[in-house]
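**Q** Attaching a single structure in structure tokens format; questions to follow.
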Amino acid sequence: MIIHKEFAQNQGRLVCEKLKDLIPRHNFMIPIQAAIGGKIIARESIKGFKKDVLTKIHGGGARDRKRKLLEKQKKGKARAKQFGRVEIPQEAFIGVLKINKET
């Protein structure tokens with residue numbers, strides 16, 4: 001997108017917010033960033049789904065098991081973030097193009 005430097009931060013923020021609304025959630029967090037060159041001017045994050053792995057545990061004495069399950073989930077999320085693919089629907093691209101018409 002070509003835009004004047006004065007309007008770049010506002011426009012970047014609008015694009016990030018619109019993409020946050022249009023891209024569906026995945027199993028891992030998705031960062032959305034607007035940048036000029038190497039400088040990031042706006043950022044939004046799409047939260048990942050959270051599976052409740054602690055429902056299987058009953059009682060208060062299972063602290064080690066609880067910690068182990070949460071660590072295992074954390075490793076799986078990190079692996080999914082590293083190898084995961086983000087599906088971006090076509091409506092997201094069309095929605096970003098419509099931002100210019102609205103403002």
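**Q** Would you please state the base-10 log of I(q)/I(0) at q = 0.21, 0.25, 0.26 1/Å for segment 39-88, with intensities from the Debye formula using one equal scatterer on every alpha carbon?
**A** Results for segment 39-88 at q = 0.21, 0.25, 0.26 Å⁻¹ read -0.87, -1.02, -1.06.
**Q** Hey, what angle do you get for helix 90-102 against the long axis of the chain, alpha-carbon based, 0 to 90 degrees rounded to 10?
**A** Helix 90-102 sits roughly 40 degrees off the main axis of the chain.
**Q** For a quick check of your reading of the filter: which GluC sites (Glu not before Pro) in segment 46-93 sit in a DSSP loop and have no more than 12 other Cβ atoms within 10 Å?
**A** Listed in order of number, the matching sites are GLU87.
**Q** Anyone know which of ILE30, ILE40, ILE57 comes out most mobile in the 10 Å Cα GNM of the chain?
**A** Of ILE30, ILE40, ILE57, the most mobile in the Gaussian network model is ILE57.
**Q** Right, next: Pick out, in residue order, every one of the chymotrypsin sites (Phe, Trp or Tyr not before Pro) in segment 15-103 that is DSSP loop and has at most 14 other C-beta atoms within 10 Å; say none if there are none.
**A** Taking segment 15-103 and a limit of 14 other Cβ atoms within 10 Å, the loop chymotrypsin sites (Phe, Trp or Tyr not before Pro) found are PHE49.
**Q** Binning every alpha carbon pair distance of segment 12-60 at 10 Å from zero, what are the percents per bin?
**A** 24, 35, 20, 12, 8, 1
**Q** Further question: Nothing charged except the Cβ atoms of Lys and Arg (+1) and of Asp and Glu (-1): what's the magnitude of the dipole of segment 5-98 about its Cα centre? Round to the nearest 20 debye.
**A** Around 760 debye, computed over segment 5-98.
**Q** Using helices alone, I'd like the mean residue ellipticity at 222 nm for the chain: each DSSP H run of four-plus residues gives -39500 (n - 2.57), total over residue count, nearest 500.
**A** Roughly -17000 deg cm²/dmol at 222 nm, from the helical runs in the chain.
**Q** Which of GLN9, ALA42, HIS58 sits closest to the plus end of the dipole of the chain, meaning its Cα is farthest towards the positive end, when Lys and Arg get +1 and Asp and Glu get -1 on the C-beta?
**A** Value: HIS58.
**Q** Relative contact order, percent, of the chain when contacts are C-alpha pairs under 8 Å separated by at least 6 residues?
**A** Across the chain, relative contact order equals 31 percent.
**Q** Hey, of [x] 16.3; [y] 15.7; [z] 13.4, which did the structure itself give for Kirkwood radius over Cα pairs in Å when calculated?
**A** Structure-derived value, by its label: [x].
Quick note: the coordinates plus some simple rules give every number you see, no bench work behind them. Quick caveat: nothing in here was measured; it's all calculated off a predicted structure. Every residue, glycine among them, receives a Cβ derived from its backbone with ideal geometry; neighbour counts consider all protein chains shown.
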